[in-house]
Amino acid sequence: MTIKNDITFLRVTHLRGPNIWTYRPVIEVWLDLGELEECPSDTLPGFTERLTSLLPGLIEHRCGVGERGGFIERLHSGTWAGHILEHIVLELQNLAGMRTGFGKTRSVGEHGIYKMAFRTRDGVVGRAALETGRKLLMAAINDTPFDLAGAVDTLKELVDDHCLGPSTAHIVEAATERSIPSLRLNDGNLVQLGHGAAQRRIWTAETDRTGAIAESIASDKDLTKSLLSACGLPVPEGALVRSAEAAWEEAQDIGLPVVVKPYDGNHGRGVSLNLSTQADIEAAYHLAARKGDSSAVLVERFVTGDEHRLLVVGKKLVAAARGESLWIVGDGEHNVIALCDRQINIDPRRGVTEDAPLNAIVPQDSAEIILDLKRQNLTPESVPAAGQKVLIQLNGNVATDVTDLVHPSIAAAATLAARIVGLDIAGIDLVAEDITRPLEEQRGAFIEVNASPGLLAHLKPAHGEPRPIGTAIIAHLFAPNESGRIPIVGVTGTRGASVVARLTGCLLHLGGRHIGVANADGLYLDSRRVSNANSVRFDAGQRLLINRTIEAAVFESNARAILTEGLPYDKCQVGIVTDMDGVDDLAEFYLRDVDDLARVVRSQVDVVLPDGVAVLNAADAAVAELAELCDGSVIFYAADEHLGVMASHRAAGERIAFVRAGAIVLAHGEDETIVIELARLMPNVSDDVGSVLAATAAAWSLGVPADLLSAGLRTFDASVKRSG
């Protein structure tokens, strides 16, 4: 067959905020299909079969048909390469573990040129999936080899390197379900939930309510035990030692068998269990000393029973999991390493990444396992006899959910343990023979209280029901009536938009809020300009949203910013649109008329919250038409109260702002409030009536009373002062 030429990427843009395609971040690609414009899928012999053989998951893509197999149906009936690439990129991201489903492809009206957009959770991964998708598509078209497994492995590595870990992502998803916005603050798992003064922060299972003192106490195992014991909770007897000889002496005093572990360790590193001989105890001492941050090692009474990990969030026990011993059985042929791979690591739930609820067992790399094998006269390279049972881990294989079995008294004791240490989120290690019975009826004991506990054992248990940990953490951080949101005002347009943003911020500040404003003149905190750089940019807007002092924020935007970056916030309380000017300056984006521009500017109205307000210029017919797209209410403004759209809106009992007899008037149905005479405004403001009306209406919608509106309008100076 004739080899087809490659697709050309004319432009690739990561839109990080709400945009013309969707509310979520997307990558937008401008495609030149070249000769493929004349080659829809039904004209390429064998193409559909080759593509679906490579990506069988495409059967799940519903596409425009709306049912399973819809995209395959489109392939058979004939669809173009841009649309096909969209679905390939989505499927590659899904295979890499970054689930997504949104994509669209549209012709721009020029031969072979298309705009394609697809949802991505990370720009680096999304761009890599795009490049990989193009190579896969051309291989399927030209019937050339393609290494799908290698490509997916590379994408998986990028997901591991660049995306949130599964535990943090689970918490963020729970926040999203409650419409709480989130911002990622670093390349790791530090995430801000909410905006400005209403925000909370998490770092996986730590929150901004997790105290440094509590973390220090939790890392000191001996101190933790002392505090728990002082409050009446059962703990194993034990003592700190600083030499192998002292460890053996203490073990004899406590009574064999014992446990040896670092006093400042975590996650089970350096812990040796059920030790009864001097050689084992001294060897375990040296292991624990290496794994900890000092030579201090804890020797404790060994408590019989199963290890349990109890997760406490706030004042509630929200999850519990039970551990079990891990064994292999010899076959007389394979060594311990190979047997672990064949009998343990074969479990798909085991792995080395954060996605795996169970760790892969690598005996040769685990000093703890090597010591356990040594006590059985084995090494990782030993070949156990056929039928010989070999203990790999006595405990720690915590993978069975037992949340519903925990006795109420044990749940109460676990929450008390977390409060004693001072942790708002804690992982409690408990050894008990029967989690359904009170501890006083058995020789159970609390072993550790951990800060930043692992969550995967509860999110993806090997056995039992996954627990909604993220929901519990979000409920702990935010009361039922809290959304994490501050009032956000978005201003989109070219006509006086900078003045509208500044004036709105001034009026809200007079209403008693700490305000941030990002506009073309710079960045403002309250009445002070802190940067004179043009701040109609995504990053500048984010600077306001992470500021803990900000109680309300105002952002200027325009069509170009929406087309190149997206809005810097997910939703707003007030969305102002001043005009539909400037389409001639946007020809490079394939915008040809006001209707094209309206499809961009509508983004400002699309993001208005259901209890929010769109403030629209009724004197611009294209702007007024956006009212029907608003999920909230609408305030129209115009100098002339008799405009048809103004009169009908007021007659329906809604709100309008206008000028009558030289004064600004606010009307809600039949009720009217005269705010201020235009003659009392500063000279550089009084001629810009539209901007004054827009800002006044926005502040009015956010509850600023008329007397403060009047005071703010009377003193506002539209001239831009130097940064202070």
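FYI, it's all coordinate maths here, none of it is from the lab. Remember, predicted model here, so these are calculated numbers, not experimental data. FYI the Cβ positions are ideal-geometry reconstructions off the backbone, even for glycines, and counts take in every protein chain you see.
List of remarks:
- Of the residues making up region 543-550, one or more are touching a His at 6+ places or on another chain (Cβ under 8 Å), crowded, with 16+ Cβ neighbours inside 10 Å and in a helix (DSSP H, G or I).
- Residues considered: Arg443, Arg437. Of these, the only one that is in contact (Cβ under 8 Å) with a residue 60 or more places away in the chain, over 15 Å from Asp401 (Cα atoms), part of a loop (DSSP other than H, G, I, E, B) and not hydroxyl-bearing (Ser, Thr, Tyr) is Arg443.
- The residues listed here are Gly150, Gly112, Gly133, Gly123; of these, the one that is out of contact with any Pro (no Cβ under 6 Å at 6 or more places or on another chain) and free of Cβ contacts under 8 Å to residues at least 12 places away in the same chain is Gly150.
- Residues (out of contact with any helix residue (DSSP H, G or I) (no Cβ under 8 Å at 6 or more places or on another chain) and under 19 Å from Leu95 (Cβ atoms)) located in region 50-77: Ser53, Pro56, Glu60
- Residues in region 83-119 that are farther than 19 Å from Cys39 by Cβ and assigned to a helix (DSSP H, G or I): Val89, Leu90, Glu91, Leu92, Gln93, Asn94, Leu95.
- Residue match in region 407-428 (condition: of a type outside the set (A, V, I, L, M), touching a strand residue (DSSP E or B) at 6+ places or on another chain (Cβ under 8 Å) and closer than 26 Å to Ala338 by Cα): no
- Those helices (runs of 4 or more DSSP H) lying entirely in region 656-717 with at least 3 residues crowded, with 18+ Cβ neighbours inside 10 Å and among the polar types (S, T, N, Q): 689-701
- Here the condition is being in contact with an Asp or Glu (Cβ under 6 Å, 6 or more places away or on another chain) and either in contact (Cβ under 8 Å) with a residue 24 or more places away in the chain or farther than 29 Å from Ile515 by Cα (or both); of Ala230, Ala214, Ala218, Ala197, it holds for Ala197 alone.
- Here Pro181 fulfils each of the conditions (1) surrounded by fewer than 18 Cβ atoms within 10 Å (Cβ to Cβ); (2) touching a His at 6+ places or on another chain (Cβ under 7 Å) apart from (1).
Here's the yes/no breakdown for (1) within 17 Å of Ala451 (Cβ to Cβ); (2) not in a helix (DSSP H, G or I):
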residue: Asp222; (1), (2): yes, no
residue: Pro236; (1), (2): no, yes
residue: Glu245; (1), (2): no, no
residue: Asp253; (1), (2): no, no
residue: Leu256; (1), (2): no, yes
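- Sole exception among (1) more than 29 Å from Val12 (Cα to Cα); (2) more than 31 Å from the chain's Cα centre (by Cα); (3) touching a residue at least 12 places away in the same chain (Cβ under 8 Å) for Asp596, by number: (1)
- Residues that are polar (S, T, N, Q) and not in a helix (DSSP H, G or I), drawn from region 120-132: Thr120
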